[in-house]
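A short worksheet on the structure shown next.
The values are calculated or read from the model by the stated rules, or taken from the named source; none is laboratory data. Since this is a predicted model, take the numbers as computed values, not measurements. Using ideal geometry, Cβ is built from the backbone for each residue, glycine included, and neighbour counts are taken over all protein chains shown. Note: areas computed on protein heavy atoms with side chains; ligands, DNA, RNA excluded. Shrake-Rupley method; radii C 1.70, N 1.55, O 1.52, S 1.80 Å.
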Amino acid sequence: MVGPERPQFVLFGSSIVQFSFSNEGWGAVLAHIYARKADIILRGYSGWNSRRAVQILDQVFPKDAAKQPSLVIVYFGGNDSILPHATGLGPHVPLSEYIENIRKIAIHLESLSEKTRVIFLTAPPVCEKQLRARLSGVVDMVRTNDSCRIYSEACLEVCRGMNLKAIDLWTAMQQVENWETVCLTDGVHFTAEGSKIVVKEILRVIKEANWEPSLHWKAMLTEFSEESPYDPVSEGKTVNVSEHDLIGDSPWE
């Protein structure tokens, strides 16, 4: 283990999580914002659905771990919502099972410790035209924006019933003009602009949450922030460089 010990934020999900450090992704942005405050840990598995997630919960989040995460951000739903294939194969998970899987994931994560917080991301919208162009002749699957809506609403309903934080990405992204091309690279995954929406929504939820201690980046201590004789010198004296100086005029207030 590398020290000093910091709070851990785990991103858990399918390709929306696995790819979140590429293309100015939302995971990379969170790592930048929480530099010297928390470790952003990636547990993303491209192509996975909630059924596979439930099967490996104990491996990714063992209950007897010496240190438990302070925050887990969960995304499953887009692959689950892909329409059933005639063979019975593929990532589709029936809605009733998906709902139960989200409950199982939430119960497991909340059992890790009294201080472990959880945020669920719903299925974002998809651009069906882009998907058809990209997957035609390659993959025999059908994914519609309306099926994403149904699974998104189901996730929100589960979270409301369990008093959990959830972010409605399906609605948030479609507030952007020309969201199909502004927010998505291939009909599913996020552009840098799409990731900015995810980050803003996550930080809004964290800031508004009545969590003790607060996990908002401005409320957390900066590692090794004490003044030092080795700090940069300005006008004959040392100047402590804060995270605000490093980040500059932050859009993440």
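Size descriptors for the chain: radius of gyration and Dmax over Cα atoms are 19.7, 75 Å. May I ask which residue of 238, 148, 92 lies farthest towards the positive end of the charge dipole of the chain, with charges of +1 (Lys, Arg) and -1 (Asp, Glu) on Cβ and the Cα centre as origin? Going by the charge dipole, the pick is 92.
Relative contact order (percent) for the chain, with alpha-carbon contacts under 8 angstrom and 6 or more residues of separation? Each step should come with its number before you reach the end.
On the way: 400 pairs, mean separation 45.4, N = 253.
The value is 18 percent.
Ranked by accessible surface with a 1.4 Å probe, highest first, in what order do 216, 85 come?
85, 216
Expressed to the nearest 5 percent, the antiparallel share of DSSP beta bridges inside the chain is 15 percent. Once backbone amide H atoms are built at 1.01 Å from N, residue 117 has 71, 72 as its partners under 5 Å, excluding neighbours fewer than 5 places away on the same chain.
What is the extension gain from residue 224 to residue 192, computed as 0.36 nm multiplied by their sequence separation minus the C-alpha to C-alpha distance, in nm to one decimal? List each step's numbers first, then the result.
Numbers: separation 32, 0.36 × 32 = 11.52 nm, distance 3.07 nm.
In short, 8.4 nm is gained.
The mean accessible area for residues of the stretch 40-92, using a 1.4 Å probe and ignoring ligands and nucleic acids, is 47 Å² per residue. Summarised in one figure, the compactness ratio Rg/Rh of the stretch 1-138, Cα atoms and Kirkwood Rh, is 1.00. In order along the stretch 49-63, phi translates into HN-Hα couplings of 10, 5, 5, 5, 4, 4, 5, 10, 4, 5, 7, 7, 10, x, 5 Hz, rounded to whole numbers, per the Karplus curve 6.51 cos²θ - 1.76 cosθ + 1.60 with θ = phi - 60° and x for Gly and Pro. Note on the stretch 8-227: with charges restricted to the Cβ of Lys and Arg (+1) and Asp and Glu (-1), its dipole about the Cα centre is near 120 debye. Annotation: amide H of residue 41 within the under-5 Å range of 9, 10, 11, sequence separation 5 or more or interchain, hydrogens built in the peptide plane.
As a check on your grasp of the helix formula, calculate [θ] at 222 nm for the chain: sum -39500 (n - 2.57) over DSSP H runs of n ≥ 4, divide by the residue count, round to the nearest 500.
-10500 deg cm²/dmol
Computing Rg and the Kirkwood Rh from the Cα coordinates of the stretch 130-237 gives a ratio, Rg/Rh, of 1.18. Taking the accessible area of the stretch 8-227, probe 1.4 Å, and keeping the other protein chains in place, the carbon and sulfur fraction comes to 50%.
In terms of the mean number of neighbouring beta-carbon atoms within 10 Å, the peptides 50-63, 219-232, 29-42 order highest first as 29-42, 50-63, 219-232.
Calculate, for residue 103 and residue 144, the FRET efficiency according to 1/(1 + (r/R0)^6) with r their C-beta to C-beta distance and R0 35 Å; round to the nearest 0.05.
Working: r = 25 Å, r/R0 = 0.71.
Computed FRET efficiency for residue 103 and residue 144 comes out at 0.90.
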